[in-house]
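Throughout, read-outs are computed from the coordinates displayed, never taken from laboratory work. Predicted model only: the values in this text are computed from it and were never measured. Quick reminder, even Gly has a Cβ in these numbers, built from the backbone with ideal geometry, and neighbours come from all protein chains shown.
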Amino acid sequence: MADAQIRNGEQVEARQTLAVAEAELQSAKPEDFDQRTRLAGWISLSELYSNAYYDSEHQVHIDNDTHAKAALDQAIAILHSIQPEVQRAYFIRSIARQIREISGEADANKSLVEGAGWASEIQNLRERRRAYRHIAGDLFVYRDIPDARDVLRRDPDPAWRTDTLVGFTRYSEWGFRYAPFLKQLPGSIGAASMTLNQETGNPADTRPADDDFGTPLDYQSNFAPEQQPRQ
C-alpha cells in the first residue's frame, strides 16, 4: 500500500502506513518470520521510507533519511546476528546496495569487504568463487579497486583471478562500468579482450544464466504486487 501511495503522490499517507508496518515488524516474534523475510522487511522499509520522505520539488529528503537509516540499521543488526557467519554472505550484496543509497559508497564498500570474509567460509569452491566474483564486481562498480583486488586475492589461483578480471570486461551488465577502472590496474586488461555484441557494439553477455550470487532483499523482489498482463 505504501508503495502505491508514494507513486500517487500521497507521501504523508505513505509515511503513516510505513509507521504501522514498522511497528508490526518491530513487535514480531522470532518465529513469525524467517531470516530472509525479516531482513527483506527492514530493507524494504528503508527503501520506502527514503521515497516517502523525498521532496522531489527541492530534491532533498526532508527527514535527512533518518527513518530510512533506522530501518537499515535494524537489517544490519539482524545480519550480524545470523549464525553460522557464512550465511551472512548471501545477504550482504543486497544490504550493501541499500547502504550505498543511504550512507554512501564508502560504507557500502566496507560492508562488502566484510561479506567477502564471510564468503571465504563457503566450502564449495565454485560457490565461493562465485561469491568472490560478484562481491569484487560490486566493489569495482563502487570504484573501490584496491578492495576488489583484495577480494579476488582470497583465492590462491592466479589464473582464476586473471580470468575473472578478463571476464569483467566481457559482460554487458558489468563491462561498461568496469572497463574504465580496469585500466588503472597494473598490466591492464584492455578493451581489446572484450567480446562485443555484433548488433549493438556493446560488451556481449557471456555469463551462464544462473551466474549470480546472493539473496535479493529489496522491496520489488519480495513484496511488490505482480504486474498484471495487459489485455
For the pair Ala106 and Ile82, the simple spin-label estimate (label points 7 Å beyond Cα toward Cβ) gives in nm 2.7 nm
By the Cα gyration tensor axes a ≥ b ≥ c (a/c under 1.5 gives rounded; else a/b larger than b/c gives prolate, otherwise oblate), the shape of the stretch 1-146 is oblate
Phi-derived 3J(HN,Hα) across the stretch 20-33 with the Karplus relation (6.51, -1.76, 1.60, θ = phi - 60°), rounded Hz, x for Gly and Pro, is 5, 4, 5, 4, 5, 5, 5, 8, 5, 7, x, 7, 6, 9
The long-range amide H neighbours of His61, using H built 1.01 Å from N in the peptide plane and a cut-off of under 5 Å, are Asp55
Calc'd 3J(HN,Hα), the stretch 69-84, phi into Karplus 6.51 cos²θ - 1.76 cosθ + 1.60 (θ = phi - 60°), Hz, glycine/Pro = x, comes to 5, 4, 5, 4, 4, 5, 5, 5, 5, 5, 4, 6, 8, 6, 10, x
Computed ³J(HN,Hα) along the stretch 135-146: with the Karplus parameters 6.51/-1.76/1.60, θ = phi - 60°, integer Hz and x for glycine or proline, the list is 5, 4, x, 5, 5, 4, 4, 8, 6, 10, 5, x
